[in-house]
Every structure is written in structure tokens, then in C-alpha cells.
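Since the structure comes first, as C-alpha cells, the remarks are kept for the end.
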There are 2 protein chains.
Amino acid sequence: MEVKKVFLAEDEMPRQWYNILADIKMNPPLGPDGKPVGPDALAPVFPMNLIEQEVSPQRWIDIPNEVLDVLCIWRPSPLVRAIALEKYLDTPARIYFKNEGVSPPGSHKPNTAVPQAYYNKVFGIEKMTTETGAGQWGSALAFACSQFEIECKVFMVRVSFDQKPYRKSMMEAWGSQCIPSPSSETNAGRAALEKDPDTPGSLGIAISEAIEAAVSDQTGKTRYSLGSVLNHVMLHQTIIGLEAKKQLEKIGEYPDVVIGCAGGGSNFAGIAFPFVYDKINGKDIDIYPYEPAACPTMTKAPFVYDHGDTARYTPLLPMHSLGHAFVPPPIHAGGLRYHGMSPSVSQLVTEGIIEARAANQLEAYQAGVIFAKTEGFISAPETNHALAGVIEEAKRAKDEAKEKVILFNWSGHGLIDLEAYDKYFAGELYNFVLTEEEILESEKVFEDFPKPQLIKSR
Amino acid sequence: MEVKKVFLAEDEMPRQWYNILADIKMNPPLGPDGKPVGPDALAPVFPMNLIEQEVSPQRWIDIPNEVLDVLCIWRPSPLVRAIALEKYLDTPARIYFKNEGVSPPGSHKPNTAVPQAYYNKVFGIEKMTTETGAGQWGSALAFACSQFEIECKVFMVRVSFDQKPYRKSMMEAWGSQCIPSPSSETNAGRAALEKDPDTPGSLGIAISEAIEAAVSDQTGKTRYSLGSVLNHVMLHQTIIGLEAKKQLEKIGEYPDVVIGCAGGGSNFAGIAFPFVYDKINGKDIDIYPYEPAACPTMTKAPFVYDHGDTARYTPLLPMHSLGHAFVPPPIHAGGLRYHGMSPSVSQLVTEGIIEARAANQLEAYQAGVIFAKTEGFISAPETNHALAGVIEEAKRAKDEAKEKVILFNWSGHGLIDLEAYDKYFAGELYNFVLTEEEILESEKVFEDFPKPQLIKSR
């Protein structure tokens, strides 16, 4: 019997998050006037303690005990060796993954939902708002808010709200309210409904609604929460990679390759940033975020200043972007259908510290089915993109006859996303490839914006 | 920070199952002629190696390495202390649970699906058939068969097939075939369809179809598989309780109370039997199977000889039974809607070694919602019945000001059963209580059968 899983005891859990801002230099976010945005400008949207964390230059940031207590519901997550997958691929590579599907909502998202709810609570906030597309983030925040007894309202893109009723049920089981967006509760929602009463909604509109619902609360006790992109979100997710590093150490391993799927960037950052730190400090290691070929933010779009949302409520962020008005093709990995990319992940790409890659929808599902039949677990559509990358790297290791160690983030299970597997088996899933013209067209929206500097951090 | 979870390393995993047949005496199963059924009579249905296990008197039975390798995909499962639940209930009790929701299909069912698939494979079987109601068992066998490259066909009760399309998708992701029952593929199915083309189907018909599909395969390479009730199924599940015992030992604890929900009896047996062994050997410990009040097999029905299925294909089994023609009220815990009870669990009840209890549907869901808001995980409808029992016991401990240790089996998550939570919140769930008359009426079917002896094992 070969050992498949490495556990950490709770007292071996990391007690600090790793903050990559200590090790890279970045362009600042800009306000409407083109000047850097100060913390105060964000105060109506986020609680000040999270804003401070967003801009902190401190390399190691303590994880509060109250946060650890809740993370311990499912953390430390198992590190699993994918022995059956290795055998199936007949590869000399040793493949390890972090199983982030063991959390109550089934994904990595609560790693940041829990500290965000905690910091809001400490700041005296009584209600949080957010948006959700496919529902992983909304259900994670609902779970976290229930732990800290915070009211929570989730604006869920209507088409997903109708297609995935179980996500709403999960949020309600945790005591949250989940309503379809656009709704008649906000100006942004009413405007969208007036324009098209039958609109399927969009993440852009839902973000606008959630921000508006937070800032318009006259009591000042409501704040908005975002599940990816921002620095503090990446920070909270680093517990994944920090645990993985300890677990690999226990068995005398260190990765040659680190892989995560990337939409806004948070699950990738979670597993990768602690290894990026090693790479900056001289380790020889390849780090690949895998994005969908249908939404090729890092692999096809430029590094620019652009808004994080369609409605242009957010500051201008320095990032790879397909343009804030870009509507990604309807791939089933809803969590990867984002026009931009976390500024810190984007900065690492521009510096060549990490190398972005893309996977097509069909190869992603093919990889997911191989994984289900070997390692047993059914993966989220997003996670399948990481799996496509893992299989690509494992085959390369075979071709090169190299005993590589591959580490990847199994960011969540797909038990609530099974209709896409049905379509895959029925031959009803397709690859979407954008033309150069489509990409150039969608990029027009940021033509007149300031341009970020190309910074080398060292 | 209090420690919430106790892990076992893979090399600490139990290497043998505990077989309760070594410690209790039981009435034999009877054939149509009223005489004990020999192993040969079952040979067309089950492979001989499993039949031998079914009747083995050996107390400890080795777990094959090939089985351990697959169980290691998710086992040993975490033992979790429900600290937040304890605080919520303000109880002096310390509450621990085994998290069986971490398996790929999300329940305890693969603990027996995996060894069953393995023994079939070793015996040269190439195809397995089974039935499933709500779908937990069918998806577990599909997963297990994919691990051993066995073809698998699941007859799923039509009403569930239509209501829970995700279960079929899971089975297909693992390469199995799942068809609605009644089907036109078997005599039993065709007869049912002829009688009522719009029938919602039943577990009774689905069992008949699955057995018929197995025994009618002329190649002799197909066998049937059952996910509960039988001795070898209880045996395989004891890994849960054996792990729990080791985990509790690590932290110097031993349970005063052990609780599991019970439909056919397997998840209850899994956690309880290793402690029944201790009780038989002098330990002071209370062991409670919780069944639904709507299907009160142990708490209201007699210990008799009855068939395990509606179509009367199975031998007569000595068990508590509401009658093989009994159709349980439509509670949402599909896995507990069974007219009978595992003979070994039934024997323990008749001897007074364990004490059966019942929970109503509404108190079960109320308990599930409390658990979701404290411990974070959303439970399967079946599991909620165990939770109702745990909360009852924890409150009793408070009333008696006793520092009891309560151990229960968290048999699975409810992420594919969320529509029942919706109904609960909408006030559309009800308690079903059978009248004495209804019970007496349903018991008429076994009036003329032989009666089992009331055996005292020691």
C-alpha cells in the first residue's frame, strides 16, 4: 500500500498568511481622476481593517484565532497523491493535489469568506452583500456569515439562479438571502430590467447591485464583499500553498511544477504564491495558471488599467484584461468567466515569474472524466482546467522521461455542476476560440485609460 | 484554539473488519420450503466469495490491500468534535462525529461498494447490477465499479430518476449506466409498465429488475449487489467504528452514547458494531439506532420472518418488518424508507443490547439546520435523523448535568438533496405518523410465515 494522503494536525496549521505585496512592486489602483486611490475612497464599500490588509506591505500577517477556529471545520485540507492518475498516464511524474472540496460549500472559496466575515464583524458590520455567478462564492459567503452571525444578501445572476436552484438552497440553509439579479431592489437592477425585462443578467450587473445595496444602507452597517481579484483575497487563500508546503516537506518532496486554474486568480494564488516566494528567492520551479481558452485574459489580452466590473464602479486596476464590457462565451466554468485578472497575478505574468497557459473546454472535461475514473472525485468545471494542465505536464514528463513532482490545486467538487457533464457526454459541449478581431474590439473600452508601468520588482 | 478534528494516518487504518456474527446467534434465512437457505441457492445472485463472507463466523476478517488502496481515496475519515454545536446547545456533553461525507459520492455507501466490486472482480464477474432509490447507493456502486473496471447498471426508481437528475449524471461520470425503473428491459419491469405505464416505480420493483438482469445473463458473468441489510454489508461498514475507536483513543475519550440513523441498518452498524462488541464484553454504553417515525420498523413493528423485497425474490430474513408490501410515507430521507431492518441489527434490538428510537421528519430537519449553522456542513436527510437523536441526548446530558461523550455517524452530505430543505423552509414538510391500524394492516403479509426464535446470544 502506497501512501496517498498526507494530513496535517490542526496544531501544525499555518498561523500566518503570506502577503506577496512584500515581494513584488505594483502599479497603484487609480480613481476617476487618474490619481492613486486612497483607503478612504473605499471605506463605504469595505471595512477599514480589510482595506488596511489590502494595502499592507507586511510579508507575514497573523491569522486571528477566531478565523482558525472556523477554518478548522475542514482545514488543514488533505494533500493527496494521485497514484491512480499517474498509473493511468503511465508517467514518471509524481502528482499531488490539495483537496479543497472538503469544505462545507465544497470549494476553496470559504478560505477568504471566513476571514472577510470575521473582519467585518470585528468592524461592527451587521450585513454583507455580494454577487455570485455559478454560486460557489455566494454559498461560501453565506456559510461564513452564518458562523459569525452576520446577515448576508447574495445577488445571483438570474440565468444561474434559474439553472442552479441548489445553490440558492445552500445559501438559505445557512440563513442567507439569495435573489436573482437584476432585481427591483436597486437602481442598477431596475435600470437593467427596464432595458430588458427578460435579461439573463450578468456578473457586471450583479456586482453593481451588491455594491449599491451596501453603500446605500443609511445605517452604515452594511459592506460589500468580493470573492477574488483583490490583494486581501489572494492573501487569505495562501493558506492552501502554505499547508501544501508543510505536507510535502513531511514526505521529503518539493514541486517542480505548480498548477492552478485561474478566473479572478484566487485559487491559483492560494496554491502558488508561497512557491512564488521560493522562486523569487532562487528556487527552480515552474508555475502555471491555467485559464479557459474562451476567456484568454492572460494569454491573449494586454496588461492595462481597466475597471474590475462592467458598470465601472471599481477603481482602475492594473491587470490583464479583455475589457470590462467583454462578455465571455458561455463555457460552463462560470467561475473562470471574468474579463480581468487579479493585479498581483497579472504583475507576476508581466514579470515572467509565472507563465500563463490556456485550456479548451473539451480538453478540460476530458481531463475531469479521467480524474473521476482514476482518483474518484468529480471535479468542478473550473478545476477541470487545472486538470487539463496537469495531464499536459505529466505527459511532458513522460516524453522527457523526467521524474517531475507536480502539485496542483483541486479547487472544488462538481456535484452541483453535473449538468455540464451530461452535456459533455451528449456531445453538446464546444470549444470557443476568440478571433483576433473580437479581442481587439473588446479591448477598445480601455484605449483612453492611463497605462500601467512595466515594473520589474527586483 | 480547541482541537476539532482527529486524523488517522493511512498506516493506522484498520486492517480487519469486525464481524458481529462471531458474537451473536441468529435465526437462519429460510427458503420457500421453510428450510434454511444454503450458500448455493444464492450463487446466481452473488459471487461465492461474498456469500462465504455473508455466513462467516470469523470475528476479524482481513481487508484486502486492493480494497484499502481504494478506500484511501478518502479514508481514514476525520473524527470531528462538534464544538460549535455543543456551545449552541449549552450542553456539558462532548459530541464527536465521523465525517463520512468526504468520500467521492459523499456518503458512507462506498465503504461496502468498494469491497463488493473488488470481490466480484476477483471472482471473475464483469458486470454488476443494482437498484437505487434516492441515488446514494447507485452512485457509490458506480464509483466502485469504475475503480475495478466493472460494468455497472443501476435501476433507479423512476420518481427519483426524474427528480434527481444529478445522481444519474454522477453515475455516468463514473462510466455506469443508470436507467429509470420500471424499464422495458426486464420481465418485472415490463409487467409493472403494463399494469401502469405512468407508475412512479418503487424500490421493490427496482430490486426485482436488478436481480433479474443479473441472474438472466447467460454468460454467468453478471451479479447483483445490495447496499444494506446483509451481513457482509454491515461487516464492511465497521471500518467507520473501528477508525472512530482509534481516533477517540488518541485523545483519551470513550463514548457513553453511540448514535446512527437506520434505514436498512448499514451506516448505524458501521459506527456501532465495534462498540456493541465492547458492550457485550462488559462496557457500559448506550447505543441508539434512530429510524424515521414514518417508517418505524424497530420501534413499532415485530421481529418476524419476512422477505427483503416487495417482489418476494429474497429468502425470508429474521428481522423487524412492517411487511414487505409496506409503502413508506413520502419522507425525504429516501434511504430510510425501507420496510425491514438488517437481521443483525434486528437481533441486537430483540436482545436489548441496543435500543431503537424514532425521530420525526420535522425535528430531523430542524436538527439539520442547527448543524448547518453551527458545524457548517449541510447533512443528508437521512443523517438529520441521527442529528435529532444527538440533540436529544445532548439536552438530556444538560438536564442531568452529566459530562457525557456522544459519538455519532455523520453519514453523508445533503448537497444533492437540497430541494427538501427548500420545502422545510417553505413550511411544506410534514410529519407522518402511522396509526396502529395501518401498521397491523401492513403486517398481514407475514402472518403465515414461520416465526423466528427469540434467541439470547449469551
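The values are calculated or read from the model by the stated rules, or taken from the named source; none is laboratory data. All figures in this text were calculated on a predicted structure; none of them were measured in a lab. Reconstructed Cβ throughout: ideal geometry from the backbone, glycine too, with neighbour counts over all protein chains shown. With ligands, DNA and RNA removed, areas are computed over all heavy atoms of the protein, side chains included. Shrake-Rupley method; radii C 1.70, N 1.55, O 1.52, S 1.80 Å.
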- Item | Other-copy label distances relative to A:ARG59, 7 angstrom Cα-Cβ extension, nm | 5.8
- Would you grab the residues whose amide H sits under 5 Å from the one on A:ASN360? Only those 5+ places off in sequence or on another chain, please, with H modelled 1.01 Å from N. A:ALA293
- Query: Residues of B:136-144, mean number of Cβ from any other protein chain within 10 Å of their own Cβ, rounded to a whole number?
  - Reply: 1
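Go ahead and run the numbers for FRET between B:LYS423 and B:VAL327, Cβ-Cβ distance against an R0 of 22 Å, rounding to 0.05. Intermediate values should be presented prior to the final figure.
Numbers: r = 20 Å, r/R0 = 0.92.
E between B:LYS423 and B:VAL327, to the nearest 0.05, is 0.65.
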- Message: Run the paramagnetic zone check for B:GLU66: 7 angstrom along Cα to Cβ, then residues of segment B:223-244 with backbone nitrogen under 17 Å.
- Response: B:223
- Message: Show me the trypsin sites (Lys or Arg not before Pro) within segment B:338-412 that DSSP assigns to loop and that have at most 14 other Cβ atoms within 10 Å of their Cβ.
- Response: B:LYS402
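Taking the Cα centre as origin and putting +1 on Lys and Arg beta-carbons and -1 on Asp and Glu beta-carbons, what dipole magnitude results for chain A, to the nearest 20 debye?
720
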- Query: Quick one: putting +1 on the C-beta of Lys and Arg, -1 on the C-beta of Asp and Glu, what dipole do you get for the protein assembly as shown around its Cα centre, in Debye to the nearest 20?
  - Reply: 1360
- Item | Under 10 Å, Cβ to Cβ, from A:LYS456 - net charge with Lys/Arg +1 and Asp/Glu -1 | +1
- Estimated FRET transfer efficiency when R0 is 45 angstrom, pair B:MET48-A:ALA9 (beta carbons, to 0.05): 0.55
- Interchain or long-range residues, amide H under 5 Å from B:ALA82's placed H: B:ILE95, B:TYR96, B:PHE97
- Task: Sum up the lysine pairs in segment A:74-194 that clear both bars: alpha-carbon distance under 21 Å and a spacing of 8 or more or different chains.
- Result: 12
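Is there a simple number for the mean count of other chain Cβ atoms within 10 Å of the Cβ of residues in A:77-85, and what is it?
2
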- Message: So, for the protein assembly as shown, what is the accessible surface per residue at a probe of 1.4 Å, expressed in square angstrom?
- Response: 35
- Item | Amide proton proximity set for A:ASP306, modelled H, under 5 Å, gap of 5+ | A:LEU317, A:MET319
- Classify segment A:82-196: rounded, prolate or oblate, from the alpha-carbon gyration tensor (a ≥ b ≥ c, eigenvalue square roots; a/c under 1.5 rounded; otherwise prolate if a/b is larger than b/c)? oblate
- Message: In whole Å, what are the extents of segment A:208-293 along the principal axes defined by its C-alpha atoms, from largest to smallest?
- Response: 55, 32, 21
- Give a residue-ordered list of calculated ³J(HN,Hα) values for segment A:280-293 (Karplus: 6.51 cos²θ - 1.76 cosθ + 1.60, θ = phi - 60°; whole Hz; x for Gly, Pro). 4, 8, x, 5, 8, 8, 9, 10, 10, x, 9, 10, x, 4
- Positive-end residue, chain B charge dipole about Cα centroid, Cβ charges, pick of B:GLY189, B:ASN267, B:ILE207: B:ASN267
- Message: Quick check on chain B: of the DSSP beta bridges with both residues there, what percent are antiparallel, nearest 5%?
- Response: 35
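Let's see if you can work this out: charge +1 on each Lys and Arg Cβ, -1 on each Asp and Glu Cβ, no other charges. What is the dipole magnitude of segment A:298-416 about its Cα centre, in debye to the nearest 20?
So the dipole magnitude of segment A:298-416 works out to roughly 140 debye.
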- Query: How large, in percent, is the carbon and sulfur part of the accessible surface of segment A:57-215 at a probe radius of 1.4 Å?
  - Reply: 49
- Kindly provide the pair-distance distribution of the protein assembly as shown built from C-alpha pairs, with 20 Å bins from 0 and whole-percent values in order of increasing distance. 15, 47, 30, 7, 0
- Task: Tell me the distances, shortest first, between B:GLU441 and the same position across the other copies, using label points 7 Å along Cα→Cβ, in nm to one decimal.
- Result: 6.8
- Message: Apply the Karplus curve 6.51 cos²θ - 1.76 cosθ + 1.60, θ = phi - 60°, to the phi angles in segment A:447-458 and return the couplings in whole Hz, x for Gly and Pro.
- Response: 3, 8, 6, x, 9, x, 6, 8, 8, 9, 5, 8
- How far, in whole Å, is the nearest Cβ of chain B from the axis relating it by rotation to chain A, and which residue carries it? B:PHE7, 2
- Note on the structure: Distances in nm between the label point of B:GLY252 (7 Å along Cα→Cβ) and its equivalents in the other copies, shortest first, are 3.5
- Note on the structure: Computed over chain B: longest principal axis from alpha-carbon atoms vs helix B:361-374 long axis, angle to nearest 10 degrees, is 50
- Name every cysteine in the protein assembly as shown that ends up alone, with no second cysteine's Cβ under 4.7 Å, or say none. A:CYS72, A:CYS178, A:CYS261, A:CYS295, B:CYS72, B:CYS178, B:CYS261, B:CYS295
- Cα-based shape type of segment B:342-458, given that a ≥ b ≥ c are square roots of the gyration tensor eigenvalues and the cut on a/c is 1.5: oblate
- Query: Helix B:203-215 sits at what angle to the longest principal axis of chain B, using alpha carbons and giving 0 to 90 degrees rounded to 10?
  - Reply: 60
- Task: Could I have the simple spin-label model distance between A:GLN453 and A:VAL122, label points 7 Å from Cα toward Cβ, reported in nm to one decimal?
- Result: 3.2
- Query: What FRET efficiency do you get for A:GLU441 and A:ASP196 if R0 is 22 Å and r is their Cβ-Cβ distance, rounded to the nearest 0.05?
  - Reply: 0.50
- Applying the Karplus parametrisation 6.51 cos²θ - 1.76 cosθ + 1.60 with θ = phi - 60° to the phi angles of segment A:27-35, what ³J(HN,Hα) value in whole Hz is obtained for each residue in order, glycine and proline being reported as x? 5, x, x, 10, x, x, 7, x, 9
- Among residues of segment A:403-431, a drop of 10 Å² or more in 1.4 Å probe accessible area, assembly relative to the chain on its own, occurs for A:HIS413, A:LEU415, A:ILE416, A:LEU418, A:GLU419, A:TYR421, A:ASP422, A:PHE425
- Going toward the positive end of the dipole of chain A, with +1 on Lys and Arg Cβ and -1 on Asp and Glu Cβ, which of A:ILE353, A:LEU454, A:PRO92 do you reach last? A:PRO92
- Message: How would chain A be classified by its alpha-carbon gyration tensor: rounded, prolate or oblate, with rounded meaning a/c under 1.5 and the a/b versus b/c comparison settling the rest?
- Response: rounded
- Summing -39500 (n - 2.57) over the DSSP H runs of n ≥ 4 in chain B and dividing by its residue number, what mean residue ellipticity at 222 nm do you reach, to the nearest 500 deg cm²/dmol? -11500 deg cm²/dmol
- Ratio of the Cα radius of gyration of segment B:22-117 to 2.2 N^0.38 Å, where N counts its residues: 1.56
